[in-house]
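Worksheet: the structure to be examined is printed underneath.
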Amino acid sequence: MADVPHPPPLLNPVHVHRGACRTALGNGRETVEAMLNGSSGLSLTPIYAEDGGDEGPLALRQPMHRCNPPRWWNDLVDFIKPLVDENWGSIRRPVFITSSNYGIDGLYGIGKERKAEYAQWATPHGCMSKILEKTNWGRNITILSHACVSAQLGLYKAAQMLGNDLADEVLVLSFDYVGPFVASGFHSLKILNQLMPAPYEDREVGSIGLGDGIGYAVLRKDGSGPRIEAQSLYNEMFHFTANAPEGVGFIKALSGLNETLLNRKCWIKGHGTGTLEAGRMEAETCARLFPESHLVSWKGALGHTLGSCALVELILTM
């Protein structure tokens, strides 16, 4: 793995024309103000909601329970109202929708209650069909799901399209809400436990929190808004839930940005979920490549907003 060449960064600068997000602490501005005041959205919550189970730190926008439509639906519909009457999904205005789980918690409802109505919310395609009914968008829509980097992939593909003159502007929309199916999966890995997450802290037991997160960004090649100057991705292809032990993924991905960041002092918003090994490798790599830069994580307040974290935290950074 060490002999694999560093991936070239994507050098297609794009501007964030507009964007918004929501977390358990509120909208973007409310979330930033709450974090600056030392607030956290996390609280110990039974991972199976009304069915009980062990508690874990969850940051939820509404109480977690089984219902149809799912608890996130009305929140999503309200959030995307500013986008509904716009001509998204047309040839020159593509949409990337990203999530790590979409409606997979509908499977938990099917398993518990054996009711077929949960099935229409249990797949990416089912959720996408519901969104199209509400928005009347066109069909130029791509669904992406790649665990924690789902939203990052959406931003990357959007920049590619703009750089290749395949679009005038691109909408990236991401949403992830916690449910029993997802929470119990992290609990089975023993990283969602009764400890509050402390990203990058050196302690005996690692822990994460999970949080609801939703966000969108409209990207353009030209504009005056904040600019995404470069992007770099690397897939270790090592393990479903673990990083390569020598930290090659962090090295390969971040080394691609060396030239772009040369002689700059940066503020690094890290991934920082609170797991020990990944946190150590991320911190060590950043310290080696960018020794003058500060590394921070917000997941001790927001929880890990899963596949939407890159977009949610980009909006908060702005």
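The values are calculated or read from the model by the stated rules, or taken from the named source; none is laboratory data. Computed from a predicted model, the values in this text were never measured in an experiment. Every residue, glycine as well, gets a Cβ built from its backbone with ideal geometry; the counts of neighbours run over all protein chains shown. Remember, those area values only see protein heavy atoms, side chains included, never the ligands or the DNA or RNA. Shrake-Rupley method; radii C 1.70, N 1.55, O 1.52, S 1.80 Å.
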Tally of residues being free of Cβ contacts under 8 Å to residues at least 60 places away in the same chain, among the aliphatic types (A, V, I, L, M) and assigned to a loop (DSSP other than H, G, I, E, B) across the stretch 248-274: 2
Residue list for the stretch 280-318, filter: surrounded by fewer than 23 Cβ atoms within 10 Å (Cβ to Cβ) and charged (D, E, K, R): 280, 284, 288, 292
Test: residue 277 is more than 18 Å from residue 7 (Cα to Cα), open to solvent by 40 Å² or more (accessible area, probe 1.4 Å), in contact (Cβ under 8 Å) with a residue 40 or more places away in the chain and out of contact with any Gly (no Cβ under 7 Å at 6 or more places or on another chain): yes
Residue among 265, 299 that is of a type in the set (Lys, Arg) and modelled with pLDDT under 95: 265
Matching residues, the stretch 91-125, being surrounded by fewer than 16 Cβ atoms within 10 Å (Cβ to Cβ) and under 26 Å from residue 219 (Cα atoms): 91, 92, 125
Qualifying residue in the stretch 102-123 (condition: among the hydroxyl-bearing types (Ser, Thr, Tyr) and on the phi > 0 side of the Ramachandran plot): yes
Selected residue (only one of 87, 136, 68 is open to solvent by 20 Å² or more (accessible area, probe 1.4 Å), more than 23 Å from the chain's Cα centre (by Cα) and more than 30 Å from residue 159 (Cα to Cα)): 68
Hits in the stretch 172-192 (condition: free of Cβ contacts under 8 Å to residues at least 24 places away in the same chain and either within 18 Å of the chain's Cα centre (by Cα) or buried (at least 19 other Cβ atoms within 10 Å of the Cβ) (or both)): 185
